[in-house]
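Data first, discussion second: the structure below is written as structure tokens.
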Amino acid sequence: MPPVPQTHDIAVIGGGASGVMVALQLLRQARGPLRIVLIEPHATLADGVAYATRRPEHLLNVPAGKMSALPEVPGDFVDYLRTTRAFDLPDDVLAARYVSRLHYGAYLRERLAQAKSASPATLDILHAPVESLSPQPESHLLQLRDGTRVVAAHVALAVGNALRPLPLRGATALAAPHRVEAWDTEAVAAIPAEAAVAIVGSGLSMVDAVITLATQGHRGAIHVISRHGLMPLPHAAAAPFDFDPAPLLSLSLRARMRALRSEVARAAAQGQPWQAVMERIRPLGQSLWRSLSWRDQQRFLRHVVRYWDVHRHRIDARVHAQLQSLRDNGQLRPHRARLDAAWTAGACVRIEGRGHDGAVLQLEVQRVINATGVEMRVQAMRNPLLQQLVGEGLAAPGPHGIGLDSDDEGRILDAHGHADGRLHVLGSLRIGTLWESLAVPELRAQAAALATALLATN
């Protein structure tokens, strides 16, 4: 006979940053007995793709003062850094610092432990993947890979980011040590100093890989290949800029781009960097996406998204300067190209593609690093639970096939567009609906709102 299911009021699937934030808010907001279970395959909570690194050179891309997990306590992360004596700096200086990401997972775990000890609710933690979900009359039945079964009145999906595979023929035949995933930071650090390296992808994962190689004293050539050849841009100090972004919401994509260029020119005339304009539109990220027509959203995904990414997801100016120094001395070599194939040739890997000018690109390297970023198409995420939900019509891909479809409250919509009031989603799986759904400001707001809604039903 199968084991008797464990019974809980709320199950949170995924113990990365978003899942921990939901559990944290449930514990903090609970005013009476509540049974919560947090289900995460990995042994350590809050160690998703972003915060699993233990490399001190991997910095947050947002100042510490903006990284509180609690919207009701804006300075909470800075308070944690001060009380743990991680830095001997005044609070205002620390709030503006881009600190190592390794602090953030530890911060979330400590706050979760504190909330658990102070809450009337109980929190259980299970470490196994969830492979299926079956609707019951008043709940959902979860089947875990280790045989455990969980019945929960409400379920919150917070499964986080899935990584993209290398987008070129022959990639699956490349084995270690020739192929390295950018998230495997210790494998990146172990690359021989003289090895020629090709990094596929030019986003934030590429930055981590290059900075680790530089920290290790790498001397070999570092090739960076991407379709647009664009690399992350730096943050810059900027005074508040007199610009009302609200009128952008009524414009088409093309008109918005013209308006933003005009505001950047106006900012420059006042001695302000373009980053000042981006800071003004940052709070409207979700509204800007949702107010676009379906066709303009498609145009954005085809033609604008990479330009948006490098201007929106910026890096510490010191990190950017380090990358620029490597480019200036010729060690870091960007290539704007579309890759076609890769194959091993003795101790090397040969890569072939075609540049934007039509010229053939051929490289011979000793290591290939996959830094293509996160997968947004839910049907390509290779997650058994998500495949089961979509395959059985319990959930549907989000707009443009990105993430899962959900309503304004984060309730998952099934294949017929109906909301399951007991099945919720937050974080990266809402990206198709909200677009801005990956960063801490959005995650903490979703977590707090979801906890409030779930507690109202218990």
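Below, the figures for the structure above:
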read-out: Test: residue in the stretch 156-177 that is among the β-branched types (V, I, T), open to solvent by less than 60 Å² (accessible area, probe 1.4 Å), farther than 25 Å from I39 by Cβ and not in a loop (DSSP other than H, G, I, E, B); value: no
read-out: Test: residue in the stretch 364-375 that is over 19 Å from the mean Cα position of the chain (by Cα), outside any loop (DSSP other than H, G, I, E, B), modelled with pLDDT of 95 or more and surrounded by fewer than 18 Cβ atoms within 10 Å (Cβ to Cβ); value: yes
read-out: Single residue of the stretch 235-276 satisfying the filter (buried (at least 17 other Cβ atoms within 10 Å of the Cβ) and of a type in the set (D, E, K, R)) that is nearest to R299 (Cα to Cα); value: R256
read-out: Yes/no for A50 being small (G, A, S) and closer than 24 Å to A371 by Cα; value: yes
read-out: Residue list for the stretch 204-226, filter: surrounded by fewer than 16 Cβ atoms within 10 Å (Cβ to Cβ) and in contact with a strand residue (DSSP E or B) (Cβ under 6 Å, 6 or more places away or on another chain); value: none
read-out: Those residues of the stretch 137-172 which are out of contact with any strand residue (DSSP E or B) (no Cβ under 8 Å at 6 or more places or on another chain) and in contact (Cβ under 8 Å) with a residue 40 or more places away in the chain, in sequence order; value: G147, G160
read-out: Residue tally, condition closer than 18 Å to S262 by Cβ and open to solvent by 50 Å² or more (accessible area, probe 1.4 Å), over the stretch 277-311; value: 4
read-out: Any hit, the stretch 47-57, residues being more than 16 Å from G427 (Cα to Cα), at pLDDT 95 or above and β-branched (V, I, T); value: no
read-out: Residue match in the stretch 147-154 (condition: in contact with a helix residue (DSSP H, G or I) (Cβ under 9 Å, 6 or more places away or on another chain) and either aromatic (F, W, Y) or surrounded by 19 or more Cβ atoms within 10 Å (Cβ to Cβ) (or both)); value: yes
read-out: Neighbours by Cβ (under 9 Å, 6+ apart or cross-chain): first from the stretch 122-136, without any contact (Cβ under 8 Å) to a residue 12 or more places away in the chain; second assigned to a strand (DSSP E or B) and not small (G, A, S); value: S134/H140; S134/L141; S134/L142; S134/Q143
read-out: Residue check for R82: free of Cβ contacts under 8 Å to residues at least 24 places away in the same chain, within 30 Å of E186 (Cβ to Cβ) and not small (G, A, S); value: yes
read-out: Qualifying position, being in contact with a Pro (Cβ under 9 Å, 6 or more places away or on another chain) and within 23 Å of E436 (Cβ to Cβ), among A255, A276; value: A276
read-out: Search result, residues across the stretch 123-145 that are in a loop (DSSP other than H, G, I, E, B) and open to solvent by less than 70 Å² (accessible area, probe 1.4 Å); value: A128, P129, S139
read-out: Qualifying residue in the stretch 404-414 (condition: in a helix (DSSP H, G or I) and among the β-branched types (V, I, T)); value: no
read-out: Failed item, numbered, when S119 is tested on (1) modelled with pLDDT of 95 or more; (2) of a type in the set (G, A, S); (3) under 29 Å from A162 (Cα atoms); value: (3)
read-out: Any pair with Cβ under 9 angstrom, 6 or more apart, that starts in the stretch 108-119 at a residue that is more than 13 Å from T44 (Cα to Cα) and ends at one that is aromatic (F, W, Y); value: R111/Y80
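Yes or no, residue by residue, for (1) in contact (Cβ under 8 Å) with a residue 24 or more places away in the chain; (2) more than 22 Å from I10 (Cβ to Cβ); (3) in contact with a strand residue (DSSP E or B) (Cβ under 6 Å, 6 or more places away or on another chain); (4) not polar (S, T, N, Q):
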| site | (1), (2), (3), (4) |
| --- | --- |
| V349 | yes, yes, yes, yes |
| H356 | yes, yes, yes, yes |
| A371 | yes, yes, yes, yes |
| L394 | yes, no, no, yes |
| D407 | no, no, yes, yes |
| S428 | yes, no, no, no |
| L443 | yes, no, no, yes |
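Residue-by-condition table, conditions (1) open to solvent by less than 30 Å² (accessible area, probe 1.4 Å); (2) small (G, A, S); (3) not assigned by the TED database to the domain that holds L213:
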| residue | (1), (2), (3) |
| --- | --- |
| I10 | yes, no, yes |
| G14 | yes, yes, yes |
| A23 | yes, yes, yes |
| A52 | no, yes, yes |
| P71 | no, no, yes |
| F87 | no, no, yes |
| D92 | no, no, yes |
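The values are calculated or read from the model by the stated rules, or taken from the named source; none is laboratory data. Being a predicted model, the structure only gives us computed values, none of them experimental. Backbone-built Cβ (ideal geometry, glycine too); neighbour counts: all protein chains shown. We work out accessible area using only protein heavy atoms, side chains counted, and drop any ligands, DNA or RNA first. Shrake-Rupley method; radii C 1.70, N 1.55, O 1.52, S 1.80 Å.
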